[in-house]
Structure formats: C-alpha cells, structure tokens
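K.L.:
First the structure, which I've put down as structure tokens, then a few questions once you've had a look.
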Amino acid sequence: MPKVLPCPVKGCCGPREVPVDASRAAQVLVCPCEQRSPLTLTRSARGQWGLAELRPLPEHREAHNLIARALMTGQVYRDRTARRPVDRAPDAPSAQMVEAYQASYSVAVQACTALSQGLVADSRRLAERALALHAAYQAHARTVARRRTADVKTGRWHNGECFWVELAVPDPAQPDAGPVRRRFTFPFLAVWGTALTLPEGRERRGDEAEIQQGSHTLALLNGPDIERASGLPVGPDGWRQLLDLLTRFESGKPGQAPDPLELVWYSESGKLTLRRHIRQRYPRAVLALEALRRVLTPVQPASRDQDLAFELDDEPEWVADALSPPDLDDEILE
C-alpha cells in the first residue's frame, strides 16, 4: 500500500497528498490542508486502496434533520420504569450480546465482499443473515439493559433512550407504487443532573462526552456503543458538540424561529446546505448525526404506537416554545 494518496476533495487547497496506513482504515482521516476535510479509506475488489470524502448524500442530510428534530422535540419511547445506566459484571446475556454482534459484523463484511464481486444474490442472502444476527444482538442488549440498577442520580434526555424517526422507503410488497412511511429507531442515552454520580470504583475520564449547562451536567453514555454499531469513530468531541447543539438551535436571522424540519441542513438553491453556525461552531456534530443515521433500525409500522410522545401532525405547544427565536442580544452567526 502506498504511503500517500491524492486527496479526492474538489477544490482542495493543498497539499493534495494524504498520508495513509492500512491499520487506520477504521478511523476517519483528515486532509492536512486548511480545509481539514474528513476522509475514509476504501479498497476495491482487486485490492486497490483509495480515499473517499466523507460527505453525506442529500438523503443522508434529510435524515440528519429528522434525527435532530427527534432529539430536540422528544420523539422517544418513554420508559415506564426508573432504570438507570450503571457498570455491570459480565454475565450470560452480555456474553451472548457480544457474540451476536461479532457474528453480525463478520457476515456483514462477507456481504460487502460478495457485492463488490458482483454476486448480488449471494450478497443479499448474507445481508439478510446479518440483519437476523443484529436482531439477536438487540434482543440480548434489551435483556442486559433490564438488569441495570438505579445507581445514578440523574434524569435522562426526554426521559428515554430509544428515539424514532419516520422515513419514506420503497414498499417491498408494491415496489412500483411509490414510497411509504416507515418508522426507524435509534439509541441515544444522554443523562443530566446537578451532580452526575458514577458507580463505585469508576472515576470520570477526560475523554467522556459531556457539557456543562449552568449547574447541570449533560453527558452521553452510549456514544462508544453507537460508534461500534455504526463503524464511524465520532470521538468525545463530536458527541460534545452534538449535545451542545441540542441546547441551542438558531435560525440565523433575528426574530425568526428555526424550521424544525431543517435544524441542521437548510434548503438553498435547490439543495441542502449546512447552517453557518453549525459549520463554524459544531462541525463534528454532523459526524455524530451520521453515526446515528447509520444505526437506524426499522420497526413494525404499528409497533408501540401507544407510547408515542406525539404524532407528527400534532405537536404540543412547548415544541414551538423550544424552537422560539433567541434574544436579539444573542450573537447570531448566520
């Protein structure tokens, strides 16, 4: 493998050669030029290495907006019990959870290899097997989650850890009839409190994603789990920027509330453009949203409808209050 590869970003201000290493394929590389463009390593079926710009597609940007709206407005399955996250000793369910995850990852890689070789039928069979193994992983993860005990004196972001969005997807029963609305869930376990108490024997690490809001601490506890499931290393700084962004959304214009459907990317000249204050102050929050997009999991259309926070066309008044314009004295960056 060569020591350097040309940067694939259009208009790169140079240098255009990026140092690479096969051992860093699981990491997001950064172009050494002033643009600091995020890059990923790729490998073709013939074994050739390359670089690709980590740039969300238009449909990915739409999903980012929906995920940000879900986190902001509380599209979450609210828990009926007061479960709290704590460290736990290894047990049978957790071992089975790890085994199922490793198996799903292995089969997913096999599916990618078969697809790169043009074996469409084989890759689809492997993909369906990987999804089945991932469902087993989720079942074991729910069992492990139920065994957690209340050892942290905090509250959770919107009192839940399973959020949902609705996406337009093709109907497998009628592929020519147009897309249908399908619900997808994603995990997001953020806790807050005046004093975040950790389990005995565990000290606060400097790389944990948390922000301070006055006398309150807001911390994301399942960031590493999301990174492992998505294959995207966000890092503590990316999660911190997303948490910070969730506490303050801006429209960019005084006296104008932000559009709840375009909190991150807004429509401009027929395309979705990243808001300026996010690009300047929270650039890695987009990477965190992309990781959440990659772990979206489909659910049955009628699943758990009785637990909805609100219907998409019937938002409570507090949602509009939460998205109200900032004070005119606040700094507007866009």
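A short reminder: the numbers here are calculations on the coordinates, not readings from a lab. Keep in mind that this is a model prediction, so the values were computed, not measured. Because the Cβ atoms are built from the backbone with ideal geometry, glycine has one as well, and the counts that use them run over all protein chains shown.
K.L.:
Less than 20 Å from a label point 7 Å out along the Cα-to-Cβ axis of Ala92: which backbone N atoms in segment 118-148 qualify, by residue?
P.N.:
136-148
K.L.:
What does the highest-first list of 226-237, 102-113 look like by mean Cβ count within 10 Å?
P.N.:
Values: 226-237: 18.7, 102-113: 16.3.
Put in order of decreasing packing, that is 226-237, 102-113.
K.L.:
Pop the C-beta distance of Ala26 and Asp171 into the FRET formula with R0 = 25 Å and round what comes out to the nearest 0.05. Could you put the intermediate results ahead of the total?
P.N.:
Working: r = 35 Å, r/R0 = 1.41.
Given R0 = 25 Å and the Cβ-Cβ separation, E is 0.10.
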